[in-house]
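The values are calculated or read from the model by the stated rules, or taken from the named source; none is laboratory data. Because the structure is a prediction, the values reported are computed rather than measured. Quick reminder, even Gly has a Cβ in these numbers, built from the backbone with ideal geometry, and neighbours come from all protein chains shown. Ligands, DNA and RNA are excluded from the accessible area calculation, which covers all protein heavy atoms including side chains. Shrake-Rupley method; radii C 1.70, N 1.55, O 1.52, S 1.80 Å.
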Amino acid sequence: VGSQPRERVASIVASADVVAFTSFYEGLSVAALEALALGVPVISTDVGDMSRVVLDGRTGWLVSERTPAAVEHAISRAYRERTSVSRNECKQVAARFSAEVVLRRLEQELSLVEDTHAGSEGAPCEPV
């Protein structure tokens, strides 16, 4: 595909049958979340928090062994099992990590911390 203008990237990803991430280290890939949000299943090595969004056989396929042969096997599985993956479920999983949802969770957590320290004006906060 090569270098593409930013405004074309979403349509290119949305047209893919699957997107693969073969990282040896990853927290929670924003690019994987973007693919899922477009309804595109993900093949990913089982690193970091990827198993929270790549639900094996449902929103994509997890590769537990980090070898080319294991990735090849996952790609073959994706081809064979492609009808078992729900594009709607991909979108639903990604929605749990949208900016709005994450911000709302953060505000709730901060509110709990604020409530815990209410009335202790001037007192130093204890580490959380």
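Just one of the listed residues (F97, F21) is touching a helix residue (DSSP H, G or I) at 6+ places or on another chain (Cβ under 8 Å) and at pLDDT below 90, and it is F97. For beta carbons closer than 8 Å, sequence separation of 6+ or different chains, a first residue in segment 52-65 that is in contact (Cβ under 8 Å) with a residue 24 or more places away in the chain and a second that is among the aromatic types (F, W, Y) and in a loop (DSSP other than H, G, I, E, B), the qualifying pairs are V53/F97. Scanning segment 8-22 for residues that are open to solvent by less than 60 Å² (accessible area, probe 1.4 Å) and touching a residue at least 60 places away in the same chain (Cβ under 8 Å) returns a single hit, V18. The residue of segment 76-100 that is nearest to the chain's Cα centre (by Cα), among those that are among the aliphatic types (A, V, I, L, M) and surrounded by fewer than 15 Cβ atoms within 10 Å (Cβ to Cβ), is A95. Which condition breaks for Y25 when tested against (1) among the aromatic types (F, W, Y); (2) open to solvent by 50 Å² or more (accessible area, probe 1.4 Å); (3) touching a residue at least 24 places away in the same chain (Cβ under 8 Å)? Failed condition: (3).
Of all residues in segment 28-84, those satisfying the criterion of being in contact with a Lys or Arg (Cβ under 9 Å, 6 or more places away or on another chain) and of a type in the set (A, V, I, L, M) are L28, L36, A37, L38, V40, I43, V47, V53.
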